[in-house]
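Asks: Sharing a structure here in structure tokens format.
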Amino acid sequence: MRRRTPPPPAPLAQIDGVDPVRVRLPHDGMWATVREHLVARLTGAGPGMVESMFDAGRVVGADGRAVAPDAPYEPGMFVWFHRELPAEVPVPFPVEVVYRDDHIVVADKPHFLATTPRGTHVAETALARLRRELDIPTLTAAHRLDRLTAGLVLFTVRPEERGAYQTLFRDRRVYKEYEAIAPYEPSLVLPRTVRSRIVKERGVQAAREVEGEPNAETYVEIAGHRGGLARYRLVPATGQTHQLRVHLNALGVPILGDPLYPEVTAPVPAGDFRNPLRLLARRLEFTDPVTGREHTFVSERVLTA
């Protein structure tokens, strides 16, 4: 079994809080040059984009030097480059820092802001913003919230400690509590624990419930209701994609502002922030694996209908 070579440190600095892209050339590659491999690999980059990056010297090796367009393919080689940042509409809401020490940052993320760079959301993400605003280039996310969900997110300061905090979430040693606004259904018997099997297929926007061994569990109760709407308290025991949204929809009370459940709706124009998903990561509780401190954090955001 071939041992994986750990990646060298990135030779390129961040731009606007965004890391350079790192690519490791496969050991079973049959390409003649590095350029040929990147052309084949980065099919979504647009015609001529890879060639222009090589011409401008923007693809570099571990030593920080530009990789020549005719550089031979070397299995296992690492190269770095900065992607062209997409034009992004600024999300006009701040990321509030609720706690910060030498090891972690806990932020209260607004609706519409992605947690980490992905797809068309790169510099306009909570991670990139916090790196810039707090001047912590090593900041990384220990977990993620959906772009449309607001609330508490845990970030780590030191790369060597990130794994310890990620393990908390993997081992379900973080208490997470959410709040949602959805229709009030008097016939719905609550509180209850909802268990089902949820699958999310690549390239399909909405997740779905299927027959089989449950892999998703959510405790649901009503915190109050008025005018045909209710405020729900949600405590997930698992973390499947869109789990809370799928479970409330399955109960017949889809969350207000949800563009995917019960049915996928047309995308809203860029910059339209009028109808957020009424879902909030309200509370985080955990024992710090590095300092041993008992942490309890509560979002100050208020969901309105």
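Asks: Among the residues of region 185-204, count how many are modelled with pLDDT of 95 or more, open to solvent by 70 Å² or more (accessible area, probe 1.4 Å) and not charged (D, E, K, R).
Replies: 4
Asks: Do you know which of the residues in region 122-150 that are among the β-branched types (Val, Ile, Thr) and in a strand (DSSP E or B) is farthest from the chain's Cα centre (by Cα)?
Replies: Thr140
Asks: Under 9 Å between Cβ atoms, which residue pairs at least 6 apart in sequence (or on different chains) link something in region 232-247 that is touching a residue at least 12 places away in the same chain (Cβ under 8 Å) and open to solvent by 10 Å² or more (accessible area, probe 1.4 Å) with a partner that is in a helix (DSSP H, G or I) and not aromatic (Phe, Trp, Tyr)?
Replies: Pro236/Gln243; Pro236/Leu244; Pro236/His247; Gln240/Val246
Asks: So which residues in region 197-216 are part of a strand (DSSP E or B) and among the β-branched types (Val, Ile, Thr)? Let's see the steps before the verdict.
Replies: Pass one, region 197-216, residues part of a strand (DSSP E or B): 197-199, 208-210, 216.
Passing the criteria: Ile198, Val199, Val210.
Asks: Looking only at region 18-46, count how many residues are free of Cβ contacts under 8 Å to residues at least 12 places away in the same chain and in contact with a helix residue (DSSP H, G or I) (Cβ under 8 Å, 6 or more places away or on another chain).
Replies: Result for region 18-46: 1.
Asks: Also, quick follow-up: Does region 154-187 hold any residues that are part of a loop (DSSP other than H, G, I, E, B) and without any contact (Cβ under 8 Å) to a residue 60 or more places away in the chain, and which are they?
Replies: Going residue by residue through region 154-187, those that are part of a loop (DSSP other than H, G, I, E, B) are 157-158, 171-174, 184-187.
Within region 154-187, Val157, Arg158, Asp171, Pro186, Ser187 meet the criteria.
Asks: If the requirement is being in contact with a Gly (Cβ under 7 Å, 6 or more places away or on another chain), small (Gly, Ala, Ser) and buried (at least 20 other Cβ atoms within 10 Å of the Cβ), which of these qualifies: Ala128, Ala216?
Replies: Ala128
Asks: Can you pull out every residue in region 26-57 that is hydrophobic (A, V, I, L, M, F, W, C) and over 25 Å from Thr120 (Cβ atoms)?
Replies: Met30, Trp31, Ala32, Val34
The values are calculated or read from the model by the stated rules, or taken from the named source; none is laboratory data. Every value quoted in this text rests on a predicted model; they were computed, and no experiment measured them. Counting neighbours? That spans all protein chains shown, and the Cβs are built from the backbone with ideal geometry, glycine included. Accessible surface is based on the protein model in full, side chains and every heavy atom, while ligands, DNA and RNA are left aside. Shrake-Rupley method; radii C 1.70, N 1.55, O 1.52, S 1.80 Å.
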